[in-house]
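Step one of this worksheet: look at the structure below.
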């Protein structure tokens with residue numbers, strides 16, 4: 001069970017990986033734009049920025065995975081209710097079904113198990129689902145919790161409501177998947193565009209070092225390269241925002 005799906009916590013291996021990635025970025029840009037140890041040190045805060053961006057990216061990926069698992073979860077819940085189980089026991093049956101689809105560490109299995117435990121502690125299903133929706137921060141789960149609560153309170157057809165909700169979520173996921181497929185090529189082009197300026201600078205540094213020599217180790221060169229670096233980092237961040245699809 002995850003306390004907040006909007007906040008991602010790195011494992012030790014991930015911390016090492018993204019630290020090295022950030023350090024490599026700082027060293028590369030520091031060398032290309034300043035060719036000095038001081039320039040590399042000044043760019044070390046990029047490591048923290050890289051950490052932050054990776055956390056956002058991984059949190060988005062986790063939400064996408066949770067959304068897909070949740071769709072299967074409510075389908076299993078609808079099947080359990082259709083088999084005659086009460087709402088309270090339907091979650092336990094849904095967990096058995098989900099274990100055949102996902103490994104034990106899957107988020108939806110952990111969440112349904114947590115809901116089942118809450119129910120055993122006399123916490124209402126509505127409250128448990130509401131808590132799940134708030135922690136996930138996902139519109140589909142929050143909406144499902146609200147609809148489920150209303151249907152249970154008013155005596156609505158829970159099975160049909162859950163099936164309808166599952167179909168709606170499936171349709172939304174399919175549309176998002178199609179959009180992501182169409183944008184995959186554009187994202188590759190955008191990533192290439194981000195690396196081209198640094199690549200050109202690297203090529204000139206190797207092939208024609210005397211051409212760039214006036215831009216290093218003097219006040220005018222440092223100011224100019226700092227401006228160019230700022231523009232480069234800003235445009236890279238802008239490209240990321242444009243190509244980012246909110247899950």
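FYI, it's all coordinate maths here, none of it is from the lab. Worth saying up front: this structure is predicted, and the values here are computed from it rather than measured. Note that each Cβ is placed from the backbone with ideal geometry, even for glycine, and that neighbours are counted across all protein chains shown.
Of the residues 110, 143, 76, only one is touching a residue at least 40 places away in the same chain (Cβ under 8 Å) and closer than 25 Å to residue 60 by Cα; which?
110
Identify, please: which residue in segment 106-147 is under 22 Å from the mean Cα position of the chain (by Cα) and outside any helix (DSSP H, G or I) and is, among those, farthest from residue 164 (Cα to Cα)?
106
Considering only segment 98-105, I want to know if a residue exists there that is on the phi < 0 side of the Ramachandran plot, assigned to a helix (DSSP H, G or I) and buried (at least 17 other Cβ atoms within 10 Å of the Cβ).
Yes, segment 98-105 contains at least one residue that is on the phi < 0 side of the Ramachandran plot, assigned to a helix (DSSP H, G or I) and buried (at least 17 other Cβ atoms within 10 Å of the Cβ).
So which of 229, 183, 158 is touching a residue at least 12 places away in the same chain (Cβ under 8 Å), closer than 30 Å to residue 77 by Cα, touching a helix residue (DSSP H, G or I) at 6+ places or on another chain (Cβ under 8 Å) and surrounded by 13 or more Cβ atoms within 10 Å (Cβ to Cβ)?
Answer to the check: 158.
Any residue in segment 40-53 that is without any contact (Cβ under 8 Å) to a residue 40 or more places away in the chain and under 13 Å from the mean Cα position of the chain (by Cα)?
Yes, some residue in segment 40-53 is without any contact (Cβ under 8 Å) to a residue 40 or more places away in the chain and under 13 Å from the mean Cα position of the chain (by Cα).
When residues of segment 11-30 are filtered for being touching a helix residue (DSSP H, G or I) at 6+ places or on another chain (Cβ under 7 Å) and without any contact (Cβ under 8 Å) to a residue 60 or more places away in the chain, how many remain?
9
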